[in-house]
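The values are calculated or read from the model by the stated rules, or taken from the named source; none is laboratory data. What you are looking at is a predicted structure, and each value in this text was computed from that prediction instead of being measured. Here Cβ is always computed from backbone atoms with ideal geometry, including for glycine, and neighbour counts include all displayed protein chains. To get the accessible areas, we keep the full protein, side chains included, count just its heavy atoms, and leave off ligands, DNA and RNA. Shrake-Rupley method; radii C 1.70, N 1.55, O 1.52, S 1.80 Å.
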Amino acid sequence: MVKRKATALDVARRAGVSRSAVSLVLNGRATGNVTAERQERVLRAAAELDYTPNSVALSLRNQQTSTIGIITDDIVTSPFAGRLISGASRTALARGYMVLVVDTEHDRARESAAAQQLVHRQVDGIMYATGSLREVTAPPAMLTLPAILANCTDDASRLQSVIPAEVEGGRAAAQLLIDLGHRRITLLTGTLSSPAAPQREQGYREAMEAAGLGREQQHVHATGWDIDEGYRAASCVLGGNNRPTAIVCSNDRVATGVLLYAAAAGLRVPQDLSVVGYDDQQNLAANLVPALTTVALPHAEIGEMAMSMLLDAVEGTASAAGSGQAGTLHVPCRIIPRASTAAVPAG
C-alpha cells in the first residue's frame, strides 16, 4: 500500500499553527510574521512528516518552472566536450533546477525550433553551448528570457559568453618548453576557421618574444586537427637537419600523429623531442605512450560558471544575461604535465 504524501495542512495540524504560517515558514518569509517558537514547530513537523512542497504549485505561484534549457550543436553526440554539459547539469541540480538538453547537430532550423519549444515550455533560462570555440548567431527566441553562451561568442554581441582563455593556453604551452631549456620550438596550428587557432598562436608568439626569441626563431606550421595531419606535419618539420627539439600541437589528436611519426623515425620522446598537446582529450592524452603533456580545455568549469551566471540572472541576483549586456568571461586553461616533455637534449 502506497503511503499518502503529507500536505501542508498535515504539517499545520501537527505543529498547531495555521496553514498560512506553514507557507510563510517554508517559503522563507517567516521573519516578522511568525514567532521563532512557531517556526521551530513547523520545521520539526515538516521533518517528522517528510514533507516537501508541491513543485507544480510552487511554479504556479512563483511563475517559474525551475527548469533550464540547454541547446548544443553536437556535444551530446560527440566524445570531446561532454564535461561541459556535466558541469552545467551539476550546478543546476545543486541549486534545485532540472535541465532539458537538445542536440541540434549544427542544423540551424532545428536550433531555432528548439529555442522556440523551450520558451513555450516555460523554461526559466537557456544556455547555448558548442563543442568547439566558435562565433554563433543566437536563435531569436533566446533573447526573450535570461540566456548565456558557453564555449562560443555572439556574432552580434548581445549575450554574455563563457569561453576558454586560449591565448593564455598557447602561452603556457610554449612557456613550459622554454622553462625546460628549449629554444627551437615549432607550433603546429589548427585551421584558421576556428578562432582558437589564432589565439593559441598569439600566446605562443608572446611567450617566444618574452624569451628573446624573435620572429625568425618562431616556427609556425599550418596543420589541422586530426592524427593524419599531425603525422604529415611532423614528417615535414622533423625531416631536416635543424629540426626542433620541441613541438606544440593544435590538439591531442595532432600530437598523436607527431608521436607516431617520431616512433617511425627513431626519435625518442621526450629524450630527443618534447611534445605538448592541447585539450586533454578524455581517454586519449593520458593513455598515449608516453603519456601526453597537454593543455586542458576547462569544459567542466565553463559549464559550471555559465550555468551559475545564468541562474543568478534567473533569480534576479545579477543582470539578466539576455538583456543586451554582452561580455566575455575567460576561464584559464591548465597545463597537465606528463611524460612527453623533458629538458632540452644536451648538445
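If we scan segment 139-150, do we find a residue that is without any contact (Cβ under 8 Å) to a residue 60 or more places away in the chain, crowded, with 17+ Cβ neighbours inside 10 Å and under 18 Å from A306 (Cα atoms)? Even if it seems obvious, please write down each step before you answer.
Step one: of segment 139-150, the residues without any contact (Cβ under 8 Å) to a residue 60 or more places away in the chain are 140-141.
With crowded, with 17+ Cβ neighbours inside 10 Å added as a condition, the list becomes 141.
When the remaining residues are screened for being under 18 Å from A306 (Cα atoms), the result is none.
Within segment 139-150, not a single residue is without any contact (Cβ under 8 Å) to a residue 60 or more places away in the chain, crowded, with 17+ Cβ neighbours inside 10 Å and under 18 Å from A306 (Cα atoms).
For residues in segment 40-77 being among the polar types (S, T, N, Q), more than 20 Å from the chain's Cα centre (by Cα) and over 20 Å from A313 (Cα atoms), which is modelled with the lowest pLDDT?
Within segment 40-77, the subset among the polar types (S, T, N, Q) is 52, 54-55, 59, 62-67, 72, 77.
Subset that is more than 20 Å from the chain's Cα centre (by Cα): 52, 54-55, 59, 62-66.
In the following step, the residues that additionally are over 20 Å from A313 (Cα atoms) were identified as 52, 54-55.
Details: T52: 71, N54: 61, S55: 55.
Only one residue tops the list, namely S55.
Cβ-Cβ below 9 Å, separation at least six or inter-chain, first residue in segment 108-123 and under 16 Å from L310 (Cβ atoms) and without any contact (Cβ under 8 Å) to a residue 60 or more places away in the chain, second of a type in the set (A, V, I, L, M, F, W, C) and open to solvent by 70 Å² or more (accessible area, probe 1.4 Å): which pairs?
L118/L100; V123/L100
Just one of the numbered conditions (1) surrounded by fewer than 21 Cβ atoms within 10 Å (Cβ to Cβ); (2) assigned to a helix (DSSP H, G or I) is not true of G170; which one?
(1)
Report the residue count in segment 68-119 for those that are under 30 Å from D226 (Cα atoms), open to solvent by 60 Å² or more (accessible area, probe 1.4 Å) and of a type in the set (S, T, N, Q).
Residues flagged as under 30 Å from D226 (Cα atoms), open to solvent by 60 Å² or more (accessible area, probe 1.4 Å) and of a type in the set (S, T, N, Q) within segment 68-119 amount to 1.
Suppose the filter is in contact with a Gly (Cβ under 6 Å, 6 or more places away or on another chain), hydrophobic (A, V, I, L, M, F, W, C), assigned to a helix (DSSP H, G or I) and crowded, with 24+ Cβ neighbours inside 10 Å; does A255 pass it?
On the way: in contact with a Gly (Cβ under 6 Å, 6 or more places away or on another chain): yes; hydrophobic (A, V, I, L, M, F, W, C): yes; assigned to a helix (DSSP H, G or I): yes; crowded, with 24+ Cβ neighbours inside 10 Å: yes.
Yes; evaluated as a whole, the condition is true for this residue.
Does G277 satisfy being open to solvent by 40 Å² or more (accessible area, probe 1.4 Å) and not in a helix (DSSP H, G or I)? Give the steps one after another, and end with the answer.
Numbers: open to solvent by 40 Å² or more (accessible area, probe 1.4 Å): no; not in a helix (DSSP H, G or I): yes.
In short, no.
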